[in-house]
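Below is one structure; the comments refer to it alone.
Computed from the coordinates by the stated procedures, all read-outs in this text should not be read as laboratory data. Because the structure is a prediction, the values reported are computed rather than measured. Positions of Cβ are backbone-derived with ideal geometry, glycine not excepted, and every protein chain shown enters the neighbour counts.
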Amino acid sequence: MSHPIIADLNKRYTAKKYDSSKRISSEDMDVLKEAIRLSASSINSQPWKFIILETDVAKQRFHDTFANMHQFNQPHALEASHVILFAHNPHFTKDDYRKVVDAEVSSGHLPADMYDGMLNGGFTFAESNTDEAGFNGHWTKAQIYIALGNTLHVLARLGIASTPMEGVDSSLIGESFKDELGGYVCEFALAIGYHKDGEDYNYGLPKARLAMEDVITVL
Ligand SMILES: Cc1cc2nc3c(=O)[nH]c(=O)nc-3n(C[C@H](O)[C@H](O)[C@H](O)COP(=O)(O)O)c2cc1C
């Protein structure tokens, strides 16, 4: 199939070795940040934070969180141009949702007289995913994966390589980035940059996906 979307998605892949001399331009970073912000989420909850590690100091802090596990991903911490920590709010409350409904009205998306209807009606969805202790992290974590998918696609279009990493130490990240996370939880990160020519074994390989008929049913 020769459609440009399919060409981009065939070209995108998980980079295994970064060229530390190559940096993503600030223009591309601006596009990426705005694209991330525009990600969709259930009831427009946006229960997320994206912490972008750009300086050597910040990347070193991330590098040090690999002390106990998943060292196969550790080189990306310093070699990739940037790393994004994807974090979700494990206790999304009605007050958190109030900020969203405020934005709904101030943006002109929602008429002001529908404020209470969205706040109360929408939040029942969050409540149905919340336990007695107020934990709804399974649901909010699902939302940041939507942002990840969107980000991967945008990176493909920008010609920037990336490595999603569930192989991170959430607990050490939680300690090292406690102030920035502010109670949110990071269970995966995304390294982004440009691959190292000749040293990235995953570059240029064909996609290994299940057959169309195994995953898509058209009725
Ligand atoms: C949520 C998620 C977590 C992943 N975690 C890792 C990881 O920790 N380290 C790694 O090298 N690749 C990781 N991957 C990459 C996958 O193995 C890769 O996306 C998959 O094999 C498909 O290959 P492709 O991305 O090159 O198309 C992860 C991918 C996703 C979507």
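How many times 2.2 N^0.38 Å is the alpha carbon radius of gyration of segment 59-185?
1.29
Per residue of segment 76-90, in order, report the coupling 6.51 cos²θ - 1.76 cosθ + 1.60 (Karplus, θ = phi - 60°) as ³J(HN,Hα) in whole Hz, putting x for Gly and Pro.
4, 4, 9, 8, 5, 5, 9, 10, 10, 8, 8, 10, 10, 8, x
Could you give me the percent of Cα pairs per 10 Å distance bin for segment 95-153, shortest bin first, beginning at zero and ending with the bin that holds the maximum distance?
20, 39, 34, 6
Please list the non-local residues whose amide H lies under 5 Å from the amide H of Ala191, H modeled 1.01 Å from N, same-chain partners needing a gap of 5 or more.
HN-HN under 5 Å from Ala191: Ile84, Thr163, Met165.
Just rank Asp113, Asp64, fewest to most, by other beta-carbon atoms within 10 angstrom.
Ordered by Cβ neighbours within 10 Å, fewest first: Asp113, Asp64.
What angle do you read, to the nearest 10 degrees and between 0 and 90, between the alpha-carbon axis of helix 115-127 and the longest principal axis of the chain?
Computed tilt is about 60 degrees.
Taking the number of other C-beta atoms within 10 Å as the exposure measure, put Met1, Met29, Met69 in order starting with the fewest.
Placing the least packed residue first, the sequence is Met1, Met69, Met29.
With angles folded into 0 to 90 degrees, how steeply does helix 137-158 sit against the dominant principal axis of the chain? Use alpha carbons for both and round to 10.
Between the helix axis and the principal axis of the chain, the angle is about 50 degrees.
Ratio of the chain's C-alpha Rg to 2.2 N^0.38 Å, to two decimals?
It is 1.12.
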